[in-house]
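The values are calculated or read from the model by the stated rules, or taken from the named source; none is laboratory data. This structure is a prediction, so every number in the text was calculated from the model and none was measured. Neighbour counts run over all protein chains shown; Cβ positions are idealised from the backbone, glycine included. Ligands, DNA and RNA are stripped out before the accessible areas are found, and what is left, the full protein with its side chains, is counted by its heavy atoms. Shrake-Rupley method; radii C 1.70, N 1.55, O 1.52, S 1.80 Å.
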Amino acid sequence: MARNIQSLERAAAMLRLLGGGERRLGLSDIASSLGLAKGTAHGILRTLQQEGFVEQDDASGRYQLGAELLRLGTTYLDVHELRARALVWADDLARSSGESVYLGVLHQQGVLIVHHVFRPDDSRQVLEIGAMQPLHSTALGKVLSAYDPVAHSEALEADRKAFTDRTVCEPEDFERILDLTRARGYAADVEETWEGVASLAAPIHDRRRMPVGSVGITGAVERLCRSDEEGALRPELIAAVRDCARAVSRDLGAGRF
C-alpha cells in the first residue's frame, strides 16, 4: 500500500485549520495546533503563500486563506452547476440523436470531459468522465476556442498535433475554422481526431453571457454525416445539439441566444 506524503498531509491540515475557527492565526498558534515545530510550520506556510493558497497580514503577521483557494473553489462550483444543469438535457440529446453526449470545459490547454452520456443502445462503452480531448481538432475544443479568449490563446500556444490527414494544424486555417464556428453557432470534427468518427458541438453560456463549456455528440461518420454530401453533418443533429446548448444556457441564466 502506497504511503501518504507527510508534507502534503500537513499542508492540507493547515488549510483546514485556517478555514475554520478564527479568521487569522499566527505561526505559533498554527504550529501548536498541529503539533509541528515552528520551523516546519513556517516552511509549509511559506510554500502555500507562494502558491497563493495562504496570505499573510502585513500588520499582524497572521495567516489566512488566500485568493487562489477561492478561485479554485469557484471553478469547482461553476463546473458542478454546469454539470447539474446539463444532466436532463444531455440525456434528452442522447435519446433524440441516438449518439453519445459529452460535456466539456477548458482545462490545462485541453478539454476536460465532465459529463458523458452513453449512446442509447446495448453496445459496450467506456465512461470517459475525466478524460482530456485536444482543443484544436475536436468539436468540443473548437467551440471553446471560438468563444473563450483564454481557450483561443491556449489552442494557439499548444502543440497542434496532426491526428489524421484531416487535422487542421496551421494557425491561419485554424482561425478560419473558428470564424466559421462563430458564424454558424456550432463546430464540427469529421475524422480530424479519430478515423471513422465525427462529432459536433455547441457553446454553453452562463448568466453573464460568458462561455463556460460546450456540449456535443460523437459517433460514426456514417451516422452523423449526410450521405449526399461528403463531410456535411446531418441538419437535424445540428439542430438537436444547438437546442441542447441553448437549453442548458437558459438554465444557467443566460436567457435567449
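Net charge dipole, the range 147-257: roughly 860 debye, given to the nearest 20, about the Cα centre with Cβ charges of +1 for Lys and Arg and -1 for Asp and Glu. Averaged over its residues, the chain has an accessible area of 55 Å² per residue, based on protein heavy atoms and a 1.4 Å probe. Ranked by the mean number of other Cβ atoms within 10 Å of their residues, highest first, the peptides 135-143, 119-127, 167-175 come out as 135-143, 167-175, 119-127.
Potential lengthening of the chain between ASP58 and ASP243 amounts to 61.4 nm, from the contour at 0.36 nm per residue minus the alpha-carbon distance.
Tell me, what is the percent relative contact order of the range 157-237, built from C-alpha pairs under 8 Å that lie six or more residues apart?
20 percent
Relative to the current alpha-carbon distance between ALA12 and ARG223, full extension at 0.36 nm per residue lengthens the span by 71.1 nm. For Rg/Rh (Cα atoms, Kirkwood Rh), pick the label among (i) 1.01; (ii) 1.11; (iii) 0.93 that corresponds to the value derived from the coordinates. Answer label, from the structure shown: (ii).
Note: relative contact order over the chain, using C-alpha pairs below 8 Å and six or more positions apart, is 14 percent. Of the residues GLN6, GLY185, GLY231, the one whose Cα sits farthest towards the positive end of the charge dipole of the chain is GLN6 (charges of +1 on Lys and Arg Cβ, -1 on Asp and Glu Cβ, taken about the Cα centre). Modelled spin-label separation between ARG182 and VAL88, with each label point placed 7 Å from Cα along the Cα-to-Cβ direction: 3.3 nm. If you plug the beta carbon distance of ASP173 and VAL150 into 1/(1 + (r/R0)^6) with R0 = 22 Å, you get a FRET efficiency near 0.55.
Within the accessible surface of the range 137-257, defined with a 1.4 Å probe on protein heavy atoms only, the carbon and sulfur portion equals 48 percent.
Working from Cα pairs under 8 Å separated by at least six residues, relative contact order for the range 73-226 is 22 percent. Compare the Cα positions of CYS169, PRO203, ALA254 along the charge dipole of the chain (+1 at Cβ of Lys, Arg; -1 at Cβ of Asp, Glu; about the Cα centre) and return the one farthest towards the positive end. In the chain, that residue is ALA254. Since only ALA90, ILE113, ALA67 are under comparison, the one whose Cα sits farthest along the positive direction of the charge dipole of the chain, derived from C-beta charges on Lys, Arg, Asp and Glu, is ALA67. So how tilted is helix 67-97 from the main axis of the chain? Cα-based, degrees 0 to 90, rounded to 10. That works out to roughly 30 degrees.
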